[in-house]
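Below is one structure, written out as structure tokens, with a few remarks after it.
The values are calculated or read from the model by the stated rules, or taken from the named source; none is laboratory data. Quantities reported herein were computed from a predicted structural model and do not represent experimental measurements. All Cβ positions, glycine included, derive from the backbone under ideal geometry; neighbour counts span all protein chains shown.
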Amino acid sequence: MTNNNMIFVANWKMHGNFNDISKVKTVLNLIKNKKYKKIKIIYCPPFTLLKSFSNYFNNTKLNIGAQNCYYKSDYGPYTGNVNAKLIKSAGAKYIILGHSENRNEGETDLLINQKIKSVLKEKLSIIFCIGETIDEKKKKITFQVLKRQISKGLKGIKNTNKIIIAYEPVWSIGSGIIPSRNELEKNIKNIKKILKQFKFKNSVKILYGGSVNSKNANEISKIDGIGGLLVGGASLNSKKFVDIIKKTSN
Ligand code: PEP
């Protein structure tokens with residue numbers, strides 16, 4: 001059943017400049033409607049726009065997140081890197097970690113785990129991405145992959161209050177293809193089962209990400225256990241993003 005507490009994450013990836021911030025006005029207008037009182041929207045622009053977004057969002061209900069961070073929690077001689085402390089000082093409250101585009105560049109479960117711990121140290125929240133590749137899906141090892149990513153990524157983490165899971169099948173990201181209803185239901189159920197197995201809280205929110213658009217958003221959001229959507233490409237266009245939000249709230 002569609003719920004009113006949905007979380008919508010806008011992952012701008014490596015797009016956007018200062019002038020694009022004003023596009024968000026369309027979203028701000030939408031959420032003035034009481035109907036959307038309970039939803040949460042988290043914009044994740046590139047690092048370079050975090051501070052500008054946080055100034056623009058001041059006194060609004062929009063939230064800001066970063067798309068990744070360095071694993072060291074202290075300041076230091078780490079040229080070119082941005083850690084959770086710096087991100088927090090720019091006004092962000094969330095950080096996406098474990099995105100497949102970064103796993104694909106060599107991020108391991110261990111590194112993601114270190115990053116998660118460094119973010120929790122700063123008391124920020126994490127949008128923790130997990131999901132199988134097309135090869136893993138074909139080999140029918142999705143369950144094992146999700147189990148590995150969750151158990152290693154969240155190793156040593158007792159309190160999951162600040163963790164949101166984003167289930168993103170890698171083959172669905174940017175491809176226009178989404179899992180069938182059955183497949184998605186099964187994988188969400190399995191994620192819950194794995195969380196339970198490792199004694200993580202049942203209340204951890206699970207988002208879906210991968211080729212979400214205004215045509216499929218309603219159906220996806222009705223799937224039991226889905227607490228929100230992580231939107232990449234479509235979130236760059238505020239009209240499309242607004243349409244997605246509207247479609248999930250009727
Ligand atoms: C993403 O960036 O995580 C994503 C889901 O992208 P898209 O919506 O473009 O598939």
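Return the residues of the range 79-93 that are in a loop (DSSP other than H, G, I, E, B) and either of a type outside the set (Gly, Ala, Ser) or closer than 20 Å to LYS152 by Cβ (or both); say none if nothing qualifies.
Across the range 79-93, the qualifying residues are THR79, ASN81, VAL82, ASN83, LYS93.
Mind checking which residues of the range 27-38 are under 14 Å from PHE57 (Cα atoms) and under 21 Å from the mean Cα position of the chain (by Cα)?
Hits for the range 27-38 are VAL27, LEU28, ILE31.
How many residues does the range 94-121 contain that are surrounded by fewer than 17 Cβ atoms within 10 Å (Cβ to Cβ) and either outside any helix (DSSP H, G or I) or within 16 Å of the ligand (Cβ to nearest atom) (or both)?
4
Output the residue which, of all residues in the range 67-78 that are touching a helix residue (DSSP H, G or I) at 6+ places or on another chain (Cβ under 7 Å) and crowded, with 17+ Cβ neighbours inside 10 Å, is nearest to LYS152 (Cα to Cα).
Looking at residues that are touching a helix residue (DSSP H, G or I) at 6+ places or on another chain (Cβ under 7 Å) and crowded, with 17+ Cβ neighbours inside 10 Å, I get TYR71.
Could you please find all residues in the range 23-44 being over 20 Å from GLY233 (Cα atoms) and either in contact with a Lys or Arg (Cβ under 8 Å, 6 or more places away or on another chain) or in a strand (DSSP E or B) (or both)?
ILE31
For the range 56-78, give me the residue count where each residue is within 16 Å of the ligand (Cβ to nearest atom) and either without any contact (Cβ under 8 Å) to a residue 40 or more places away in the chain or in a loop (DSSP other than H, G, I, E, B) (or both).
The total comes to 3.
Take the residues in the range 195-250 that are closer than 22 Å to ILE126 by Cβ and polar (S, T, N, Q); name whichever of them is modelled with the lowest pLDDT.
For the range 195-250, the residue satisfying everything is ASN202.
Just a yes or no: is a residue in the range 135-145 at pLDDT 95 or above, among the basic types (Lys, Arg) and within 14 Å of the ligand (Cβ to nearest atom)?
no
Listed here are the residues, each with its yes/no results for (1) crowded, with 19+ Cβ neighbours inside 10 Å; (2) touching a strand residue (DSSP E or B) at 6+ places or on another chain (Cβ under 7 Å); (3) not aliphatic (A, V, I, L, M).
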{"residue": "MET6", "(1), (2), (3)": "yes, yes, no"}
{"residue": "HIS15", "(1), (2), (3)": "no, no, yes"}
{"residue": "LYS37", "(1), (2), (3)": "no, no, yes"}
{"residue": "TYR43", "(1), (2), (3)": "yes, yes, yes"}
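Give me the residue from the range 1-26 that is hydrophobic (A, V, I, L, M, F, W, C) and within 16 Å of the ligand (Cβ to nearest atom) and, out of that set, farthest from the chain's Cα centre (by Cα).
By that ranking, first place goes to MET14.
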